[in-house]
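Peer 1: Sharing a structure below in structure tokens format, with a few things to ask.
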Amino acid sequence: MHKTPQIKTAVFPVAGLGTRFLPATKAQPKEMMPIVDKPLIQYAVEEAYAAGIRHMVFVTGRNKRAIEDHFDTAYELESELVASHKDELLTLVRSLQPQDMNLSFVRQPRSLGLGHAVLCAEHLVGNAPFAVLLADDLMVGPTGGLPVLTQMVHAFERLGGSLLAVQEVPLDQVRRYGIVAGEEVEGVGNERVLKVNNIVEKPSPGTAPSRMGVAGRYILTPGVFEQIRSQPQGVGGEIQLTDGIARLMATEAVYALQYEGKRYDCGSKQGFLQATVELALTHSEVGADFRSYLRGLKI
Ligand code: G1P
């Protein structure tokens, strides 16, 4: 018999304005920007679904309608595809909404930070552990291995405490991340897990407790809601998720998993371009042609 999955809900904070990608994001959500042929948000939703999660909660804002429409039935499109016997495309379009997947949408009425966005989802999450995925961070699991959130769900089932995905980042980039420090605990196989004893949002290189940066994947226990609710504003005047996690550490164990796989920071132009090139190279339809095109470039 299958074990009942412990993580049933994933929260996607998607209310951000995407100012780093203007003018592309003036009238469309940054989460709808495609890497090759799929929007960023779809990669994240598929990662959550692959990890056994069936309830997807989107914390949205104004101008984010396209995200709701993307996961909804597109009647006109589907009937056109039926009429023109484009069966493969029809299957592709319909695959975005598996029957057993439930979606909820809640508004974050003001840009008060990531912690505040997560708090907006509290009533939809309930009193249970949940995942948070930042769609800007596109995560690709190792070839032949498990997707990153699935690695985390497995580790959570063993550890039982909140868990953050981390990776080593260059010292001159620590100010772009939540940075953790901790003691190594026993993992399975090659897995590296830390029990976190310090976490700081966007420290300067001189004060960073380590170079372990939090990537945009979290599994959190519901105790974090209470911490976020009662915390003061943090860096940039925002209610930071990192600060809520720091407070949670006073009452519960918090772990960090050095995941296997690759992260593309698609919130930056550089990361977005890298993801586009690398995912295009492995794409079943365009990969081979794109590779020979790149080889022919005089750069
Ligand atoms: C957020 C978090 C930060 C984390 C990062 C990962 O920052 O606040 O702790 O390391 O995501 O992408 P943002 O990139 O939204 O500024």
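Peer 1: Is it the case, given these coordinates, that Ala48 is in contact (Cβ under 8 Å) with a residue 60 or more places away in the chain and not hydroxyl-bearing (Ser, Thr, Tyr)?
Peer 2: Against the criterion (in contact (Cβ under 8 Å) with a residue 60 or more places away in the chain and not hydroxyl-bearing (Ser, Thr, Tyr)), Ala48 qualifies.
Peer 1: Out of the residues in segment 1-23 that are of a type in the set (S, T, N, Q) and not in a helix (DSSP H, G or I), state the one that is modelled with the highest pLDDT.
Peer 2: Thr9
Peer 1: While we're here: Output yes when any residue across segment 131-152 is modelled with pLDDT of 95 or more, away from the ligand (no atom under 16 Å from the Cβ) and β-branched (Val, Ile, Thr), and no when none is.
Peer 2: Yes: segment 131-152 contains one or more residues that are modelled with pLDDT of 95 or more, away from the ligand (no atom under 16 Å from the Cβ) and β-branched (Val, Ile, Thr).
Peer 1: Determine the pairs where a residue that is in contact (Cβ under 8 Å) with a residue 60 or more places away in the chain, located within segment 72-90, has a partner that is among the aliphatic types (A, V, I, L, M) and part of a loop (DSSP other than H, G, I, E, B) with Cβ atoms under 7 Å apart, the partner being 6 or more residues away or on another chain.
Peer 2: none
Peer 1: State the number of residues belonging to segment 109-130 that are closer than 22 Å to Ala215 by Cα, more than 10 Å from the ligand (Cβ to nearest atom) and at pLDDT below 95.
Peer 2: 2
Peer 1: Kindly provide the set of residues from segment 200-234 that are under 24 Å from Asp265 (Cβ atoms), β-branched (Val, Ile, Thr) and either surrounded by fewer than 24 Cβ atoms within 10 Å (Cβ to Cβ) or modelled with pLDDT under 95 (or both), ordered by number.
Peer 2: Across segment 200-234, the qualifying residues are Val200, Thr207.
Peer 1: Further question on the same structure: Only residues that are assigned to a loop (DSSP other than H, G, I, E, B), within 15 Å of the ligand (Cβ to nearest atom) and under 18 Å from Ala256 (Cα atoms): list them for segment 204-237, please.
Peer 2: Ala208, Pro209, Ser210, Arg211
Peer 1: Here's another thing I want to ask about it. Can you confirm whether Gly141 is touching a helix residue (DSSP H, G or I) at 6+ places or on another chain (Cβ under 8 Å) and within 18 Å of Asp243 (Cα to Cα)?
Peer 2: Answer is no for this residue.
Peer 1: I'd like the full set of residues that are farther than 20 Å from Phe12 by Cα and in a helix (DSSP H, G or I), limited to segment 155-175.
Peer 2: Across segment 155-175, the qualifying residues are Ala155, Glu157, Arg158, Leu159, Leu171, Asp172, Gln173, Val174, Arg175.
Peer 1: Going through segment 230-267 one residue at a time, which ones are in contact with a Phe, Trp or Tyr (Cβ under 9 Å, 6 or more places away or on another chain), among the small types (Gly, Ala, Ser) and within 30 Å of Asp37 (Cα to Cα)?
Peer 2: The answer is Gly267, and nothing else.
Peer 1: If you take just the helices (runs of 4 or more DSSP H) that sit entirely in segment 63-147, which of them hold at least 3 residues that are crowded, with 16+ Cβ neighbours inside 10 Å and not basic (Lys, Arg)?
Peer 2: Fully inside segment 63-147 and qualifying: 114-120, 122-125.
Peer 1: Tell me whether segment 181-196 contains one or more residues that are within 23 Å of Val45 (Cα to Cα), in contact (Cβ under 8 Å) with a residue 40 or more places away in the chain and either exposed (fewer than 13 other Cβ atoms within 10 Å of the Cβ) or more than 13 Å from the ligand (Cβ to nearest atom) (or both).
Peer 2: Within segment 181-196 (the criterion being within 23 Å of Val45 (Cα to Cα), in contact (Cβ under 8 Å) with a residue 40 or more places away in the chain and either exposed (fewer than 13 other Cβ atoms within 10 Å of the Cβ) or more than 13 Å from the ligand (Cβ to nearest atom) (or both)), the answer is no, since none of the residues qualifies.
Peer 1: The conditions are (1) in a helix (DSSP H, G or I); (2) under 17 Å from Thr9 (Cα atoms); (3) within 16 Å of the ligand (Cβ to nearest atom), and Val59 fails exactly one of them. Which is it?
Peer 2: (1)
Peer 1: Select from segment 265-285 the residues that are away from the ligand (no atom under 16 Å from the Cβ) and closer than 21 Å to Leu133 by Cβ and list them in ascending order.
Peer 2: Hits for segment 265-285 are Thr276, Glu278, Leu279.
The values are calculated or read from the model by the stated rules, or taken from the named source; none is laboratory data. Quick caveat: nothing in here was measured; it's all calculated off a predicted structure. Please note: Cβ atoms are built from the backbone with ideal geometry, for glycine as well, and neighbour counts cover all protein chains shown.
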